[in-house]
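Shown next, in C-alpha cells, is the structure this report addresses.
The values are calculated or read from the model by the stated rules, or taken from the named source; none is laboratory data. The structure presented is a predicted model; accordingly, all values stated were derived computationally and were not measured. Heads up, the Cβs are rebuilt from the backbone with ideal geometry, glycines too, and the neighbour counts pull from every protein chain shown. Each accessible area value is taken on the protein alone, full model and side chains, heavy atoms only, with ligands, DNA and RNA left out. Shrake-Rupley method; radii C 1.70, N 1.55, O 1.52, S 1.80 Å.
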Amino acid sequence: MSSTVVTKKLVYFFGNGKAEGTGKMRELLGGKGAGLAEMTNLGIPVPPGFTITTEVCTAYYQNQERWPEGLEEEVRRNMARLEEVMGLKFGDPHRPLLVSVRSGARVSMPGMMDTILNLGLNDQTVQGLIELSQNPRFAYDSYRRFVQMYSNVVLGIPHAEFESLLEKKKEERGVHLDTELSADDWKDLVRQYKAKVQEKGLVFPEDPWEQLKGAINAVFNSWNNPRAITYRKLNNIPHDWGTAVNVQAMVFGNMGEDSGTGVAFTRNPGTGEKEFFGEFLVNAQGEDVVAGIRTPRPISELAQAMPDVYRQLEEIYRKLEEHYRDMQDIEFTVQKGKLYMLQTRSGKRTAMAAVKIAVDMVREGLIDRETALLRVSPEQLDQLLHPTIDPEAKVQVIAKGLPASPGAAVGQVVLTAEDAEAWAAQGKKVILVRAETSPEDIGGMDAAQGILTSRGGMTSHAAVVARGMGKCCVVGAGEIKVEEEKKRFLVKDLVVKEGDWITINGSTGEVILGQVKLVNPSLGGDFATLMKWADEVRALKVLTNADTPRDAQVAREFGAQGIGLCRTEHMFFAEDRIKAVREMILAHDRESRQRALAKIMPMQKGDFKEIFRVMEGLPVTIRLLDPPLHEFLPQEEAAVAALAKELGVSEEEIRRKVEALKEFNPMLGHRGCRLGITYPEIYEMQVQAIMEAATELAREGVSVHPEIMVPLVGTKREMRLLYEQIRSVAEAVLARSGVKVEYKIGTMIEVPRAALVADQIAEDAEFFSFGTNDLTQMTFGYSRDDAGKFLPVYIDQGILEKDPFQSIDQEGVGQLVQMGVERGRTARPNLKCGVCGEHGGDPASIFFFHQVGLDYVSCSPYRVPVARMATAHAELKAKKA
C-alpha cells in the first residue's frame, strides 16, 4: 500500500434509481460513468455499480502504478453495497455476483482501452451460476469469455491464440457458429484456455478479489497503451486526463433466445436522418456486436424478435435524446426479456450527419443556433469536402458491404496497418483491407485513404473509428476472403493482390476494381444554412491563398472574402514564360533585364486580370516575387544544354550563373524584398502588371481592390524604399489610364525583427500579413524542409506539444504576432492585420488570432469552410469566456 493520499472521494456508487454522481461530472467520472449516473437518476434501468474516478488513475501513475491510500477500502465498501442491492455475493460459490470492469475517459475513445466481462468466475462460482440460471451452456460460455478477456487484457496473451482454439473446436464439432457449441464444448475450452495460460508460464487467478485488482490495474494501464496514445494524439486529447473505471453488476445477453445485446444511435450517424439506427444480436454479449465477430441484425428487426423490449427501448432513446438535446450512442442488454441500459454518450457522427442533426435540432426547437454551430467542429467540415465517385464513370463492382462512412476513396491494397503507414509515408495512396480492424490498427487507419473489412457491422470498430476520422469506410463485405499472410484477398475466382488499385464507395458499400474518377462535392442545403449562421456570428474575415483563377473560383464558391495571398512566382514557372524569366536572370545589365521582363509583363497582367475578375468586389493581396532566383534555373546537365541552345548562350555561361546564384542558406539569402532592392526592375514590372490589369478592368466596370505586398521586410528603410518605388509606378499607371483605382501597399511580417520594429514599418505599410510559416522557421531556427527528421521525436518526448508548422506556437511565435499587431497599430491605428501562413486554416491557431485582434485569416481554398466555422467558434467561445 502506498503513502500517496487522495483526500477526495475516490468511488461513486449508482443503483436503485439513485446515483452519487451526475451527468455533469464527466471530468471526474469519465463519459461512461457520468452517463450511467445520469441514466440512473432519470429512472432508466441501469445495472448498479460504482465508478473509480479519473483522479485515481492520475494518482496511480504518480505513485509508480500502485493504488493510492484508501482506494481498497472504498472499493470493498462499494462492492458490499452492490452485493446488498443485487442480493448476491462476490466470490460466493452458490449465489455469485459477477461484474464487468470497463474504462471511461471524459471523452469517447471507442475501442482504445480495455474491458473485462463476467469477472468473478472460477471453478467454484461457475457452479453457482449454473444453479442460479439452470443453464450450464450459458455459464460455461460466460466462463470461457472471461478467461479469454482476462488473459488477453491483464496477462497480455494475444486474443488470436484463444480464437484459434475456438475455431478448432468448431471444426471438430462440424459447426459454424459459436451458438451451436454445447456446455461440454465450452467447459473443454475453459480447460484449454487455462492450459494456454500455463503454457505461457503464467497463472490464471482463481480469487475474485485478485481478479478485480488485476482488471482495475489493466484499465488504468490501458490509458497508456500504444493505440490509446495514438488516438489521443490524432484527436488532441491531453495525456494527463486519465480514465475512470466502471465496475458494474453483470447482466447477460447470452442466456438464450430471449436475451441479447445491441448498440444503437438515436439518429443515423452516417446521414443524420431522424431514424433509430443500430444493430443487435440474440444470445450474445456486448463485445460480439462491436468486435464484428458475428454480423448483427438491424435494430428494426428487434420489433419482431422482442416487441415489448423494442417499445421500451424506443421510449428510452427518445427520453435520452430529449434530455441531452443531442444524438445519443446507446448500448443495451436484454436478460431473459428484461431491458438494461449499459451506456449513453454523445454519438460519433460523420460531418454530413453532424451538420444535418445540428440544423434539424434547431428546427425542432431542441437547441439554439449558437449551440448548433458549436456541435459541428471545424475539422469535421473537412470531411464534407471529400470527393465522391463520378456518376458518369463506368465501374466494375466486385463486392458489396455496408456503407459505414461516406465519401469515396481510391488507393492501392495493403493488408496490414503497418504496411498502410509505411506505404503512406512514401507518398502512396492506400486502402487498408482487413477481415476486421482492431484498436491496434489505428495508425494504419489514419494513414489510409479508406478502410474495407470483410466482417463486422455498422457499429463495428472500423465503422465507428472511420466515421470519427472522416475516412471513407465499407464494412462487412462478406464476399471478400482476406488472406493476410498471402498479401491478397479473394472475391470468388478473382484475386486482388497487395498493390492492386481499388476504389471504395462509403456511401453505397460498393467495392470497385481499379481507379475510378472522383468528383468534388457541391455544398448546399443544411451545410449552406449552417455556414450562413456561422457568417452571422463571426468577426474575423476568411480570405484564401490562391495563385490561379481556378483556385480563386473554388475559394469564392466556398465563401472566401478575398485573396490574402497570391504568389506571383508560381506564374513565373509556367511553360510559356519560364524562358523569358531565365533570360532575365542571365542578363548582364538592367537594360537586358528590362527587355526580358517586358516579355513577361503582358502574361502577368493577363493572370492578374483573370484573378481580379473572379474576385470582383473583393480584396486581392498579391505578393511580389519572393524566392531566390536560382530556383528558376535548371540544375540537370540535359536541361542546362537545352536552355543554352534555346537562348543562344554557352552551357558554361549558364553553369557560371547557377554557381554564382548558389547560396549556403537560400531561405535566409537573396530573396524577397532584397531582390526588389537589388533588381528594382523586377518589382517595377510586377506593379505595372497589377495596376494595368486593375485599371483595364475598372474601365470595364469591374470593381477591383488590389493590395500589393512586399515579402521579407525586416527594417524601416527597406519598407520606405520599396513603398516609394511601388507608389511611383502605380501612380504613373493611374495617370496614364485616367482611371481611379483604390490600392494598398503593405508587407508580410515573417522576419522576427519586423515584429519587433512593427511601429516603424507601419509608418509606410498600410497592412500587415503575418507569414507564419517563415516566422515560425526563423523564430525556432528550424528548417521547414528538414524539421520532419526530429519534430516527431520532440512531440513524442513532450519537448513540443504540437508541430509548430501546423498549429501556431502561441508562447513564442504567437507573442511576435501579438507584438506586431500592437506595435503596428500604435503607429497606424487602422492598420489591417491578417495571417496567410498554413496556420490560417488551423482551428486552434484561428482561436489565438481572434484573441490577438487580427482582421482576417487566409488559407487554402478547401480550408475556407473550416476557417469560417473556426472563426465562428472563436467568437462564441470568446463570448462565453
- If a residue has to be over 27 Å from the mean Cα position of the chain (by Cα) and either more than 19 Å from A435 (Cβ to Cβ) or open to solvent by 20 Å² or more (accessible area, probe 1.4 Å) (or both) to count, how many in the stretch 484-499 make the cut? 11
- Query: Given A420, A435, A424, which one is open to solvent by 10 Å² or more (accessible area, probe 1.4 Å), modelled with pLDDT of 95 or more and aliphatic (A, V, I, L, M)?
  - Reply: A424
- Taking the stretch 155-164 and keeping only residues that are open to solvent by 30 Å² or more (accessible area, probe 1.4 Å) and of a type in the set (A, V, I, L, M), one is left with L155, A160
- Message: Residues to consider are V751, V757, V729, V733; find the one that is open to solvent by 10 Å² or more (accessible area, probe 1.4 Å), at pLDDT 95 or above, more than 16 Å from N830 (Cβ to Cβ) and out of contact with any Gly (no Cβ under 9 Å at 6 or more places or on another chain).
- Response: V729
- Query: Where in the stretch 382-462 are there strands (runs of 3 or more DSSP E), lying wholly inside it, with at least 3 residues that are over 20 Å from W501 (Cβ atoms)?
  - Reply: 402-405
- Query: Restricting attention to the stretch 644-666, and to residues there that are among the hydrophobic types (A, V, I, L, M, F, W, C) and open to solvent by 60 Å² or more (accessible area, probe 1.4 Å), which single residue is farthest from the chain's Cα centre (by Cα)?
  - Reply: A660
- Message: Between a residue in the stretch 826-847 that is touching a residue at least 60 places away in the same chain (Cβ under 8 Å) and under 19 Å from I708 (Cβ atoms) and any residue that is open to solvent by less than 10 Å² (accessible area, probe 1.4 Å) and among the aliphatic types (A, V, I, L, M), which pairs come within a Cβ distance under 6 Å, given they are 6 or more apart or on different chains?
- Response: R828/A762; L831/A762; C833/V821; V835/V857; C836/L565
- Query: Based on what the data block shows, is T261 within 30 Å of Q797 (Cβ to Cβ), surrounded by 24 or more Cβ atoms within 10 Å (Cβ to Cβ) and either of a type in the set (S, T, N, Q) or free of Cβ contacts under 8 Å to residues at least 40 places away in the same chain (or both)?
  - Reply: no
- Message: Restricting to the stretch 774-792, name every residue that is open to solvent by less than 50 Å² (accessible area, probe 1.4 Å) and over 18 Å from M748 (Cα atoms).
- Response: Y782, S783, A787, L791
- Taking only pairs six or more apart or across chains, which ones have beta-carbon atoms under 6 Å, a first residue in the stretch 186-213 that is in a loop (DSSP other than H, G, I, E, B), and a second residue that is of a type outside the set (V, I, T)? L202/L155; F204/K194; P205/Q211; E206/N122
- Looking only at the stretch 829-864, count how many residues are buried (at least 24 other Cβ atoms within 10 Å of the Cβ) and under 19 Å from the mean Cα position of the chain (by Cα). 9
- Task: Filter the stretch 78-95 down to the residues that are among the charged types (D, E, K, R) and without any contact (Cβ under 8 Å) to a residue 40 or more places away in the chain, then identify the one that is surrounded by the most Cβ atoms within 10 Å (Cβ to Cβ).
- Result: K89
- Of the numbered conditions (1) surrounded by 22 or more Cβ atoms within 10 Å (Cβ to Cβ); (2) out of contact with any Ser or Thr (no Cβ under 8 Å at 6 or more places or on another chain); (3) within 30 Å of I357 (Cα to Cα); (4) not hydrophobic (A, V, I, L, M, F, W, C), Q211 satisfies every one except a single condition; which is it? (3)
- Residues of the stretch 324-344 being open to solvent by 40 Å² or more (accessible area, probe 1.4 Å) and under 16 Å from L373 (Cβ atoms), in sequence order, are R325
- Message: List the residue pairs whose Cβ atoms are under 6 Å apart, where the first residue sits in the stretch 745-763 and is within 19 Å of T776 (Cβ to Cβ), the second is open to solvent by 10 Å² or more (accessible area, probe 1.4 Å) and among the hydroxyl-bearing types (S, T, Y), and the two are 6 or more positions apart or on different chains.
- Response: P752/T779
- Message: Cβ-Cβ distance below 9 Å, separation of 6 or more or different chains: which pairs start in the stretch 287-315 with a residue that is under 19 Å from L342 (Cβ atoms) and hydrophobic (A, V, I, L, M, F, W, C) and end on one that is open to solvent by 50 Å² or more (accessible area, probe 1.4 Å) and at pLDDT 95 or above?
- Response: V309/K338
- Message: Out of everything in the stretch 384-405 that is of a type outside the set (V, I, T) and either touching a His at 6+ places or on another chain (Cβ under 8 Å) or modelled with pLDDT of 90 or more (or both), what residue ends up being surrounded by the most Cβ atoms within 10 Å (Cβ to Cβ)?
- Response: G401
- Tell me which residues, restricted to the stretch 13-72, are open to solvent by 50 Å² or more (accessible area, probe 1.4 Å), in a helix (DSSP H, G or I) and free of Cβ contacts under 8 Å to residues at least 60 places away in the same chain. N41, Q62
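Does the stretch 760-773 hold any residues that are closer than 30 Å to E696 by Cβ and either open to solvent by less than 30 Å² (accessible area, probe 1.4 Å) or assigned to a helix (DSSP H, G or I) (or both), and which are they?
D764, A765, F767, F768, S769, G771
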- Residues (open to solvent by less than 10 Å² (accessible area, probe 1.4 Å), among the aliphatic types (A, V, I, L, M) and outside any loop (DSSP other than H, G, I, E, B)) located in the stretch 463-479: A463, V465, A466, V474, V475
- Message: I'd like to know if the stretch 712-724 contains one or more residues that are more than 42 Å from the chain's Cα centre (by Cα), part of a helix (DSSP H, G or I) and over 30 Å from H588 (Cβ atoms).
- Response: yes
- Task: Being small (G, A, S) and open to solvent by 50 Å² or more (accessible area, probe 1.4 Å) is the filter; apply it to the stretch 345-380 and report the residue that is nearest to the chain's Cα centre (by Cα).
- Result: S346
- Task: Among what's in the stretch 73-115 and is assigned to a loop (DSSP other than H, G, I, E, B) and aliphatic (A, V, I, L, M), pick the residue that is nearest to G49 (Cα to Cα).
- Result: L98
- Message: Given the criterion closer than 27 Å to L119 by Cα and touching an Asp or Glu at 6+ places or on another chain (Cβ under 9 Å), identify the matching residue among A305, A284.
- Response: A284
- Filtering the stretch 220-240 down to residues that are in contact (Cβ under 8 Å) with a residue 60 or more places away in the chain, hydrophobic (A, V, I, L, M, F, W, C), over 29 Å from Y340 (Cα atoms) and surrounded by 16 or more Cβ atoms within 10 Å (Cβ to Cβ) yields I237
- May I ask you to list the residues in the stretch 559-597 that are under 26 Å from E652 (Cα atoms) and open to solvent by 50 Å² or more (accessible area, probe 1.4 Å)? F573, E575, D576, K579, R582, E583, H588, D589, R590, E591, Q594, R595
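Scan I708, I690 and give me the residue that is in a helix (DSSP H, G or I) and open to solvent by less than 10 Å² (accessible area, probe 1.4 Å).
I690
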- Item | Cross-chain or 6+ apart pairs with Cβ under 8 Å, the stretch 618-647 first and of a type in the set (F, W, Y), then outside any strand (DSSP E or B) | F632/F572; F632/F573; F632/I578; F632/V581; F632/R582; F632/I585
